[in-house]
1. Run through the DSSP bridge list for the protein assembly as shown and note the antiparallel percent, rounded to the nearest 5.
2. For B:Ala179, enumerate residues with amide H under 5 Å from its amide H, sequence gap 5+ or separate chain, H modeled in the peptide plane.
3. Report the Cα centroid-to-centroid distance between region A:100-117 and region A:83-97 in angstrom, as an integer.
4. Placing +1 at every Lys and Arg Cβ and -1 at every Asp and Glu Cβ, with all other atoms neutral, what dipole size does region A:31-192 have around its Cα centre, in debye to the nearest 20?
5. 5 Å is the cut-off here: which amide hydrogens, built 1.01 Å from N in the peptide plane, fall below it relative to B:Thr245, excluding neighbours closer than 5 in sequence?
6. What per residue convex hull volume, in Å³, comes out for region A:31-192 when only alpha-carbon positions are used?
7. Let me know the mean shielding of B:140-146 by other chains, meaning the per-residue number of their Cβ atoms within 10 Å of its Cβ.
8. Could you work out the relative contact order of chain B? I mean the mean sequence separation of Cα pairs under 8 Å and 6+ apart, divided by the number of residues, in percent.
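Quick note: the coordinates plus some simple rules give every number you see, no bench work behind them. Note that the coordinates shown come from a computational prediction; the quantities given were computed from them, not determined experimentally. FYI the Cβ positions are ideal-geometry reconstructions off the backbone, even for glycines, and counts take in every protein chain you see.
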Amino acid sequence: MTSTPTPPPGKPRLTTSAMIASIAAEGQKTRSAPFGHALVEAARTRPDIVGMTADLGKYTDLHIFRDAFPDRTYQVGMAEQLLFGAASGLAAEGFTPFATTYAVFASRRAYDFIHQTIAEENRNVKIACALPGLTSGYGPSHQAAEDLALMRAIPNMTVIDPCDAHEIEQVVPAIADHKGPVYMRLLRGQVPLVLDEYGYTFELGKAKTIRDGRDVLIVSSGLMTMRALEAAKLLAGDRVDAAVLHVPTIKPLDTRTILAEAAKGGRLVVVAENHTVVGGLGEAVASVLLQAGVHPRFRHIGLPDEFLHAGALPTLHDRYGISAAAVTSRIKAWL
Amino acid sequence: MTTAPPRGANAPSIAERAYRIRRHAVRMGEVQGQGYIAQALDIADVLATAYFHAMTYRPDDPSWEGRDRFLLSNGHYAIALYAALIEAGIIPESEIETYGFDDSRLPMSGMAQYTPGMEMSGGSLGLGLSIAVGMALGLKRKNSTARVYVLFSDGELDEGSKWEAMMSAAHYKLDNIVAIVDVNNQQADGPSSQVMAFEPLADKVRAFGWHVQRIDGNDVDAVVAAFDAAKADPQPRPKMIVADTLMGKGVPFLEAREKNHFIRVDPHEWALALQALDAGRPA
């Protein structure tokens, strides 16, 4: 621990929130359990959809589905290897399992089962995982800082990092219709509602400009798109015009849109992700730009390559530079 | 409508099928000059019984919906399963010559995408029973009466995932699973019981809520009876056949060879192994 145990004067001393606490800021517009409700909706017309969880139904919003379709829900207990092996078996029999747990347990504990029984056999399993990146104050055991790197390294895998409730509601039917394995990051509980105001619609594999701007292009995924939009508003107060390109599909990456936007002259390009700086969206975008000969000024906002602290999420998001205020001040310093 | 290979009075006996499976496997070993041949020889009687007594399938339509599924969890036994699939008419015998070569449908380790009749990708040990649980749940959802047969080795019992899956198969009363454990007491680093003690296996699994039988896996009559009893058990519980087997079975000089997970066979010995099998061919 390198940080001081006492907060700066004038700042309240925060405590680690409960595991199921919402990441929404106070007063932010939210929607309850968007994943669970969207899955119920999709399952009404898709009898092949089944729900699965490894003792985290309540913590992934799968309980909404379980209550609507108890006979289509499989509880496998706290056994993630079994969860994904059995999901593969159900998919082999023609079903479309949505298998839920925390991102740490899917990506780290059950990696070989996902790799071999699902991806290698190209089974139609949808892996939906709560607590992505830094969305828990419980320390590295619950912080899936590296889930995107691990999942995008697997052939056949589609990887999605949705931003908010509006997007999650659209991702669920889209991945149900997509043939093949999908890893989807999940925000659960009271989930912020942001993108509806921008007239946004999710399309699998498509990056979309949420907001245009002349000075800086923020390329972001997941909840960092919320932060980027907040930062863009704050930057506007300083007469900095920021564009936000939202990239919810990490794999396959929409290289065409990313290149077109990055090539629009003179803008600083900043990739912002709720993920370690190793192996995620930032390195993927950098690789695409370099190989295409597109060379904007480039900066990367992500979680540091270290085991992150326990604590209150607002404190940690500030500490590791992914809060809206931190994103704003870092971009101002780079301009 | 096609049918499974002939059974009944005029059909070859299961012992004859086991002999032929052993022969196909040795021929594949000869093609590559290597292979998990000792395991193939030990499990041939079980595979012959599965494919020529217990299971329902269509040789010319290996993914027929009504088939019994056979999962090879121990992917390195692929040479044995290929031999059974050849004998069952699912793979042409001519493909023996391609075993282990580039672009073959018969890779050294079993993979679902490569081979007709191969239901899963093995190789990484401990996967099969979890997949079997999902398939068994899926078959019940479809009101199918098909069964899921899954073969794994005693060494795989070291993997915690096997016990997760055993617990859940009993929890979900998956009476459509028949698991076969090949107890040849040999894994990569030595005798399985010394690498990690797993006995008393039958008692342990019975305590989990399974129907368990322990048999001599190289006694064809006992194997047949065990498959029959597994099918006949009226209780809503998964079934396990613990099969004690002898590595190298049917080739006396390999039976006697110091046991190794990957047994050494010298180039001239393949022909000798075939001769030994032929000498012991059932009457």
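1. Numbers: 10 of 68 bridges.
Percentage antiparallel, nearest 5: 15.
2. Amide H neighbours of B:Ala179, under 5 Å, 5+ apart: B:Val150, B:Lys239, B:Met240, B:Ile241.
3. After rounding, the separation between the Cα centres reads 14 Å.
4. On the way: 14 positive and 18 negative charges, 24 e Å.
In debye, rounded to 20, region A:31-192 gives about 120.
5. Residues meeting the criterion, in which the H sits 1.01 Å from N, are B:Val183, B:Asn184, B:Gly217.
6. Numbers: hull volume 15.1 nm³, N = 162.
With only Cα atoms used, region A:31-192 gives 93 Å³ per residue.
7. Working: counts 1, 10, 3, 0, 1, 0, 1.
Other-chain Cβ atoms within 10 Å of each residue's Cβ, averaged: 2.
8. Values: 548 pairs, mean separation 61.2, N = 283.
Computed over chain B, the figure is 22 percent.
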